[in-house]
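Any read-out appearing in this document is the output of simple, stated calculations on the displayed coordinates, not a laboratory observation. Note that the structure is predicted; figures quoted are calculated from it, not measured. Cβ coordinates were reconstructed from backbone atoms using ideal geometry, including for glycine residues, and neighbour counts include every protein chain displayed.
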Amino acid sequence: MAEEQGNVARRNGWANVNFPNGFVHPFAFQAKSGKTYEKMLVGVPKGVTVNGVDLGGWSFSVFSTKWAKEDKLNGRPVTIGLKVGEPVELFRGRGAERETLRIDDPWDLARAVKAHREAREAERRNAEETRGDESVSLAGEAVGRADGNGPVGDRAPEAGLVRGSLSDAAPQSFKPVSQEGMDLFNRCSVDVGFVARMDVMAERAARAFLDGSYDPVSQLAETRRLVGEMADAVAGVQGVDFGDAARGEAAEVALSASTDVINADVSRLADEGVGRADVIAANRSERAAREKEYAEERALMPESVLLRRDIAAASAEPPTMERCLAATSTLYGGFEHTDLLSAGADGGTPLDPANPLDMASIESDGWAATF
């Protein structure tokens, strides 16, 4: 399959780029004509650098191909084809804060993603060799599930390797997000109460990751409960109803979109000494490796690139829940913020990031993740 795809790409002038599975999200797009198209929202991992600019947090969308859908379904890195000769239009944010960035040569992005992947793989191999034959840890198992290698109880990749961050906070998704599911997620992303409560949930997830108990399926159940409260509020105030399928899809997108915020909380809490020593050490090691790589890249940058403070400075800002949800949404043009789900108001339940998950109340919702 990979050879067939490569031959087609070379013959038709396409640059193939392999993105981590968790950074690719299928969704359905409805044109003004009423016709629906299958597309994929592709997020660029942090550390992918083109012309000295870190493209982490930027996204672009492409039409789905049969190969990309098979990759996503089977949990493999997803091969995205970029037409040679056509620029890649990246974006982040929305409304008045929407930013765009154009990569004129698709091969520049393809080479950058490949270099980033190879560097990460080398970093992981070196870390594994340094730690030796440690036993498989709970943190390693949790990260394995979050990386899209199956539901709870499935194998954890790179046995013995404790990681210091999540590749994707959500479990593997096996189906595209419907238009209804994206509509609900879009409404969630502009509600200040929903964003605030997701922010609290992110810190709680970070604490679980640091103590080795993070479970992406349980975290998805908690996110789904919050999305359900938001859907009920939308129905009551705006008169728009969303079914169970849409609620589950919106929860998957919301949890995946919060990955960078969770990782930022992991790093902050690790610096405060919260969590298991091996997870804290892995987190600090990963950050040190990224900082060293970035310093080496900057040393090679020409002065003209170093002066691009408008983009470089924005890329260096710590992630916020509002920005991460906005980057994943499909809202364009003007939009209005809502406040249908303020914590503790109108039926909302205040959250404490230091408290463990209340699985009894989550399971009472009668919903479970399906794989």
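Based only on Cα atoms, what Rg/Rh ratio does region 184-295 have, Rh being taken as Kirkwood's radius?
On the way: Rg = 16.5 Å, Rh = 15.2 Å.
Taking Rh as the inverse mean 1/r over Cα pairs, Rg/Rh reads 1.08.
Going through the cross-link list LYS66/LYS175; LYS39/LYS69; LYS39/LYS66; LYS46/LYS175, which pairs have a Cα-Cα distance over 19 Å in this structure? Before the final figure, lay out each step's value.
Working: LYS66/LYS175 13 Å; LYS39/LYS69 10 Å; LYS39/LYS66 11 Å; LYS46/LYS175 25 Å.
Distance filter (> 19 Å) returns LYS46/LYS175.
What distance in nm separates the simple spin-label points at THR36 and GLN179, each placed 7 Å from Cα in the Cβ direction?
Label-label distance for THR36 and GLN179, simple model: 0.7 nm.
For ASN16, enumerate residues with amide H under 5 Å from its amide H, sequence gap 5+ or separate chain, H modeled in the peptide plane.
LEU82
Which pairs break 25 Å Cα to Cα here: LYS32/LYS72; LYS83/LYS114; LYS35/LYS83; LYS83/LYS292? If you can, show how the numbers build up before the last one.
Values: LYS32/LYS72 27 Å; LYS83/LYS114 17 Å; LYS35/LYS83 23 Å; LYS83/LYS292 33 Å.
Violating the 25 Å limit, Cα to Cα: LYS32/LYS72; LYS83/LYS292.
How big is the equivalent ellipsoid of region 2-115 along its three axes, where each semi-axis is √(5λ) from the Cα gyration tensor, reported in whole Å from largest to smallest?
On the way: eigenvalues 85, 76, 40 Å².
Semi-axis lengths for region 2-115 are 21, 20, 14 Å.
Size of the dipole of region 2-115 about the Cα centre, Lys and Arg at +1 and Asp and Glu at -1 on the beta carbon, nothing else charged, in debye to 20?
Numbers: 17 positive and 13 negative charges, 62 e Å.
Dipole size: approximately 300 debye.
What list do you get for LEU184, LEU325 if you sort them by fewest beta carbons within 10 Å?
Sorted ascending by nearby Cβ count, the order is LEU325, LEU184.
Return TYR37, TYR214 ranked ascending by Cβ neighbour count within 10 Å, so the fewest neighbours appear first.
The fewest-first ordering by Cβ neighbours comes to TYR37, TYR214.
Calculate, in nm to one decimal, what GLU336 and GLU70 gain on full extension: separation in residues at 0.36 nm each, minus their alpha carbon distance. Display every interim value, and only then the final one.
Values: separation 266, 0.36 × 266 = 95.76 nm, distance 3.69 nm.
Difference between extended and current length: 92.1 nm.
If Lys and Arg each add +1 and Asp and Glu each add -1, what is the summed charge of the other residues whose beta carbon sits under 11 Å from the beta carbon of ALA68? Don't jump to the answer; show the numbers that get you there.
Details: positive: LYS39, LYS66, LYS69, LYS72, ARG76; negative: GLU38, GLU70, ASP71.
Value of the local net charge: +2.
Packing-wise, with mean Cβ within 10 Å as the measure, how do 270-277, 63-70 rank, highest first? If you can, show how the numbers build up before the last one.
Values: 270-277: 14.6, 63-70: 16.1.
Most protected by this proxy first, the peptides run 63-70, 270-277.
Positive end of the charge dipole of region 2-115 (Lys, Arg +1 and Asp, Glu -1 on Cβ, about the Cα centre): tell me which of THR100, GLY34, VAL44 has its Cα farthest that way.
So the residue furthest toward the plus end is GLY34.
Figure the gain on full extension for ALA281 and PHE29 (residue separation times 0.36 nm, minus the Cα-Cα span) and round it to one decimal in nm.
Details: separation 252, 0.36 × 252 = 90.72 nm, distance 4.29 nm.
Net length gain for the segment: 86.4 nm.
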